[in-house]
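Colleague: Questions regarding the structure given below will be posed in turn.
The values are calculated or read from the model by the stated rules, or taken from the named source; none is laboratory data. Computed from a prediction, not measured in an experiment: that's the story for all the values here. Cβ: placed from backbone, ideal geometry, glycine included. Neighbour counts: every protein chain shown. For accessibility, only protein heavy atoms count, side chains too; no ligands or nucleic acids. Shrake-Rupley method; radii C 1.70, N 1.55, O 1.52, S 1.80 Å.
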Amino acid sequence: MSKLPLNPALQGLPVYQPGRPIDEVAREFGLPAADIIKLASNENPLGPSPQALAAMREVLSKLHLYPDGNAFHLKKRLAAGLALRPENVILGNGSNEIIEFVGHALMRPGTNIVVSQFCFAIYPLIARMMGASVITVPAREYGHDLAAMRQAITPSTTAVFVANPNNPTGTLASRDEVLALVESVPPEVLLVMDEAYIEFLDDPVDLLPWIRSGARPNLLIMRTFSKIHGLAGLRLGYGIGSTDLIEVLERVRQPFNINALVQAAALAALDDADHIQRTRDTNRAGLVFLTRECRELGLTVVPSAANFLMVEVGDGQKVFLGLQRRGVITRPMGGYQMPRHIRISVGTAKENQRCIAALREVMAQGASSPT
Ligand SMILES: *Cc1c(COP(=O)(O)O)cnc(C)c1O
């Protein structure tokens with residue numbers, strides 16, 4: 001490449017492939033953007049919280065001022081909702097940035113992290129960026145094998161990452177397995193529990209008591225405003241942990257990573273109980289519909305606890321392209337070593353129907369026709 005003395009960790013490091021934006025697909029196929037639906041990134045099909053939108057409008061005329069670098073009001077509100085202190089919370093530009101904080105704090109050459117096969121792609125990406133290695137534990141029925149992950153910890157392990165429910169598989173680890181893991185991870189290893197989809201669960205495992213009691217200074221819980229609150233475009237996630245852990249992570253955070261619009265929107269979104277409830281209801285109904293319809297098409301689905309569904313379609317890339325030509329953007333899973341699957345995010349009832357109609361056409365064309 002160039003003569004620049006590149007960080008060797010960047011050698012061969014892949015660039016993350018996000019779900020394709022509607023405008024990009026519209027340009028490629030010469031379709032009106034309004035005719036395209038995106039069911040590719042687990043976004044909220046109802047849009048942003050209306051209260052969040054109103055709160056942001058109020059802030060627009062003050063955008064010449066830097067945001068509050070410590071996000072006083074937002075942290076206070078979040079902490080109150082969690083029955084914790086603001087010092088137990090760190091905010092990130094998406095929870096993706098929290099993962100990067102963990103990378104700066106705990107990953108370097110000679111260390112490793114433990115993840116599961118089919119895990120969220122950002123964990124291994126950040127580890128490799130930091131020059132750390134990645135121990136990947138084989139999945140069980142597409143889900144995390146938490147006992148095996150515990151066994152995989154070595155003296156060089158600095159962090160274990162578990163998303164529950166997991167993305168891209170939608171699988172949920174059992175309460176007993178989660179509690180056994182939290183109890184058994186050694187104190188010198190950070191356990192990151194990524195709860196990006198926890199708000200979609202009826203009866204989630206509550207790990208907050210472990211933080212409140214101070215019993216697990218090596219536990220970091222991550223949550224996000226990208227899914228249930230419908231604010232993926234704003235970028236806000238947060239980490240919850242012991243004050244000691246949060247204090248260390250704060251050292252690697254850029255001072256103004258959470259902008260003023262985000263702070264106002266998030267505060268309002270937390271109080272928008274109506275939007276949260278409608279999102280849950282829409283998702284529950286959509287998940288039931290998509291699961292049933294896919295099975296009726298003769299397809300195997302991985303039972304999902306989140307706001308998306310992984311479906312085995314045969315040639316995943318081909319089916320993804322077929323759907324895309326019909327204006328339905330989904331996510332091919334080849335990059336996750338699941339070339340036979342696509343991931344479909346739950347949309348509105350109308351979007352789900354359109355997705356199934358397109359999927360029916362694409363599957364009926366079968367292997368005989370070229371893409
Ligand atoms: C969507 C998602 C996130 C959230 O990422 P943001 O950066 O907050 O948008 C985190 N973890 C998992 C497993 C996810 O699927």
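Colleague: Of the numbered conditions (1) within 28 Å of THR291 (Cβ to Cβ); (2) within 11 Å of the ligand (Cβ to nearest atom); (3) in a loop (DSSP other than H, G, I, E, B), GLY230 fails exactly one; give the number of that condition.
Modeller: Looking at each condition in turn, GLY230 falls short on (2).
Colleague: For the stretch 183-201, indicate whether the set of residues that are touching a Pro at 6+ places or on another chain (Cβ under 6 Å), under 22 Å from ASP281 (Cα atoms), within 14 Å of the ligand (Cβ to nearest atom) and not aromatic (Phe, Trp, Tyr) is non-empty. Before you say what the answer is, go through the steps one by one.
Modeller: Of the residues in the stretch 183-201, the ones touching a Pro at 6+ places or on another chain (Cβ under 6 Å) are 197-198.
Filter once more, so that each one left must be under 22 Å from ASP281 (Cα atoms): 197-198.
Next, from what is left, pick out any that are within 14 Å of the ligand (Cβ to nearest atom): 197-198.
Next, from what is left, pick out any that are not aromatic (Phe, Trp, Tyr): 198.
Within the stretch 183-201, one or more residues are touching a Pro at 6+ places or on another chain (Cβ under 6 Å), under 22 Å from ASP281 (Cα atoms), within 14 Å of the ligand (Cβ to nearest atom) and not aromatic (Phe, Trp, Tyr).
Residue-wise test of (1) in the same structural domain as ALA349 (by TED's automatic domain parsing); (2) of a type outside the set (Val, Ile, Thr).
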site	(1), (2)
LYS3	no, yes
ASN7	no, yes
GLN11	no, yes
GLU28	yes, yes
LYS75	no, yes
PRO86	no, yes
ILE90	no, no
GLU97	no, yes
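Colleague: Find the strands (runs of 3 or more DSSP E) located wholly in the stretch 51-155 whose residues include 1 or more that are away from the ligand (no atom under 16 Å from the Cβ) and closer than 25 Å to GLN337 by Cα, and list them. Lay out the reasoning, then the answer.
Modeller: Details: elements: 89-92, 112-116, 133-137.
Fully inside the stretch 51-155 and qualifying: 112-116, 133-137.
Colleague: Restricted to the stretch 32-48, and to residues that are touching a residue at least 60 places away in the same chain (Cβ under 8 Å) and outside any loop (DSSP other than H, G, I, E, B), which residue is surrounded by the fewest Cβ atoms within 10 Å (Cβ to Cβ)? Spell out how you get there, then give the answer.
Modeller: Just the residues of the stretch 32-48 that are touching a residue at least 60 places away in the same chain (Cβ under 8 Å), to begin with: 35-48.
With outside any loop (DSSP other than H, G, I, E, B) added as a condition, the list becomes 35, 37-38.
Values: ASP35: 11, ILE37: 23, LYS38: 20.
If we take residues in the stretch 32-48 being touching a residue at least 60 places away in the same chain (Cβ under 8 Å) and outside any loop (DSSP other than H, G, I, E, B), then ASP35 is surrounded by the fewest Cβ atoms within 10 Å (Cβ to Cβ).
Colleague: Let me ask something additional. I need a count of the residues in the stretch 157-173 that are in a loop (DSSP other than H, G, I, E, B), more than 12 Å from the ligand (Cβ to nearest atom) and open to solvent by less than 50 Å² (accessible area, probe 1.4 Å).
Modeller: So the first thing to find is which residues in the stretch 157-173 are in a loop (DSSP other than H, G, I, E, B), and the list is 164-173.
Those still in the list that are more than 12 Å from the ligand (Cβ to nearest atom) too: 172-173.
Filter again for open to solvent by less than 50 Å² (accessible area, probe 1.4 Å), leaving 173.
Within the stretch 157-173, residues that are in a loop (DSSP other than H, G, I, E, B), more than 12 Å from the ligand (Cβ to nearest atom) and open to solvent by less than 50 Å² (accessible area, probe 1.4 Å) number 1.
Colleague: Being farther than 21 Å from GLU28 by Cα, touching a helix residue (DSSP H, G or I) at 6+ places or on another chain (Cβ under 7 Å) and surrounded by fewer than 24 Cβ atoms within 10 Å (Cβ to Cβ) is the filter here; which residues of the stretch 310-332 pass it? Even if it seems obvious, please write down each step before you answer.
Modeller: First, the residues of the stretch 310-332 that are farther than 21 Å from GLU28 by Cα: 310-315.
Checking the rest, the ones that are also touching a helix residue (DSSP H, G or I) at 6+ places or on another chain (Cβ under 7 Å) come to 311, 313.
Once the filter is applied, which keeps residues that are farther than 21 Å from GLU28 by Cα, touching a helix residue (DSSP H, G or I) at 6+ places or on another chain (Cβ under 7 Å) and surrounded by fewer than 24 Cβ atoms within 10 Å (Cβ to Cβ), the stretch 310-332 yields nothing.
Listed here are the residues, each with its yes/no results for (1) in contact (Cβ under 8 Å) with a residue 60 or more places away in the chain; (2) basic (Lys, Arg); (3) within 16 Å of the ligand (Cβ to nearest atom).
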{"residue": "PRO217", "(1), (2), (3)": "no, no, no"}
{"residue": "LEU220", "(1), (2), (3)": "yes, no, yes"}
{"residue": "LEU245", "(1), (2), (3)": "no, no, no"}
{"residue": "GLN254", "(1), (2), (3)": "no, no, yes"}
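Colleague: Residues of the stretch 232-284 being open to solvent by less than 30 Å² (accessible area, probe 1.4 Å), farther than 27 Å from GLY170 by Cβ and of a type in the set (S, T, N, Q), which ones?
Modeller: Hits for the stretch 232-284 are SER242, ASN257, GLN263.
Colleague: Right, here's the next one. Would you be able to tell me the number of residues in the stretch 182-207 that are over 30 Å from ARG331 (Cα atoms), out of contact with any strand residue (DSSP E or B) (no Cβ under 7 Å at 6 or more places or on another chain) and of a type outside the set (Gly, Ala, Ser)?
Modeller: So the first thing to find is which residues in the stretch 182-207 are over 30 Å from ARG331 (Cα atoms), and the list is 182-190, 206-207.
Next cut, out of contact with any strand residue (DSSP E or B) (no Cβ under 7 Å at 6 or more places or on another chain) only: 183-184, 186-188, 206.
Narrowing the set further to residues that are of a type outside the set (Gly, Ala, Ser) leaves 183, 186-188, 206.
Number satisfying all stated conditions: 5.
Colleague: Somewhere in the stretch 49-71, is a residue open to solvent by less than 30 Å² (accessible area, probe 1.4 Å), of a type outside the set (A, V, I, L, M, F, W, C), within 23 Å of the chain's Cα centre (by Cα) and under 13 Å from ALA265 (Cβ atoms)?
Modeller: Within the stretch 49-71 (the criterion being open to solvent by less than 30 Å² (accessible area, probe 1.4 Å), of a type outside the set (A, V, I, L, M, F, W, C), within 23 Å of the chain's Cα centre (by Cα) and under 13 Å from ALA265 (Cβ atoms)), the answer is yes, since at least one residue qualifies.
Colleague: How many residues, within the stretch 337-359, are assigned to a helix (DSSP H, G or I) and exposed (fewer than 14 other Cβ atoms within 10 Å of the Cβ)?
Modeller: Matching residues across the stretch 337-359 total 3.
Colleague: Does PHE225 meet the test of being aromatic (Phe, Trp, Tyr), over 26 Å from GLY19 (Cα atoms) and either open to solvent by less than 30 Å² (accessible area, probe 1.4 Å) or more than 16 Å from the ligand (Cβ to nearest atom) (or both)?
Modeller: Details: aromatic (Phe, Trp, Tyr): yes; over 26 Å from GLY19 (Cα atoms): no; either open to solvent by less than 30 Å² (accessible area, probe 1.4 Å) or more than 16 Å from the ligand (Cβ to nearest atom) (or both): yes.
No.
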